[in-house]
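The values are calculated or read from the model by the stated rules, or taken from the named source; none is laboratory data. Just so we're clear, the structure is a prediction, and the values are computed from it rather than from any experiment. Backbone-built Cβ (ideal geometry, glycine too); neighbour counts: all protein chains shown.
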Amino acid sequence: MNPVNVSLTPELEKFVEDKVESGRYTSASEVMREALRLLEEQERLRREQVAVFQRELAVRMAAMDRGEFVDPEEVRERLRRRTVEHRTKQA
């Protein structure tokens, strides 16, 4: 694989230089590898969050198709009561 050349803005270049100068990283390449590893992790977490959301949405849509749903006003009132109870306990 050929080396990858990356152009950075002056601000990002300074950021990378500062990281190397701090002693935490030994080279700009090490900073970039860490940044890419973190980006990869962030994307993996986002994919997992979307998958969880889609599963939950499917469950709720199926419930609605069966005629199972809650009245939004009932939910709001229940949340208001819980909030009041929570604040009363903390006082």
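Quick rundown of the values:
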quantity: Residue in the range 19-30 that is surrounded by fewer than 11 Cβ atoms within 10 Å (Cβ to Cβ) and of a type in the set (A, V, I, L, M, F, W, C) present; calculated: no
quantity: Of the criteria (1) closer than 30 Å to V4 by Cβ; (2) among the β-branched types (V, I, T); (3) at pLDDT below 95, which one V70 fails; calculated: (1)
quantity: Exclusive hit being in a helix (DSSP H, G or I) and surrounded by 11 or more Cβ atoms within 10 Å (Cβ to Cβ), set L8, L12; calculated: L12
quantity: Failed item, numbered, when G23 is tested on (1) assigned to a helix (DSSP H, G or I); (2) closer than 28 Å to V6 by Cβ; calculated: (1)
quantity: Residue within the range 57-66 that is surrounded by fewer than 10 Cβ atoms within 10 Å (Cβ to Cβ), in a helix (DSSP H, G or I) and not aliphatic (A, V, I, L, M) present; calculated: yes
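Let's see how each residue does on (1) assigned to a helix (DSSP H, G or I); (2) out of contact with any Pro (no Cβ under 6 Å at 6 or more places or on another chain); (3) modelled with pLDDT of 95 or more; (4) loosely packed, with under 10 Cβ neighbours inside 10 Å:
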residue: N2; (1), (2), (3), (4): no, yes, no, yes
residue: R46; (1), (2), (3), (4): yes, yes, yes, no
residue: V75; (1), (2), (3), (4): yes, yes, no, no
residue: K89; (1), (2), (3), (4): yes, yes, no, yes
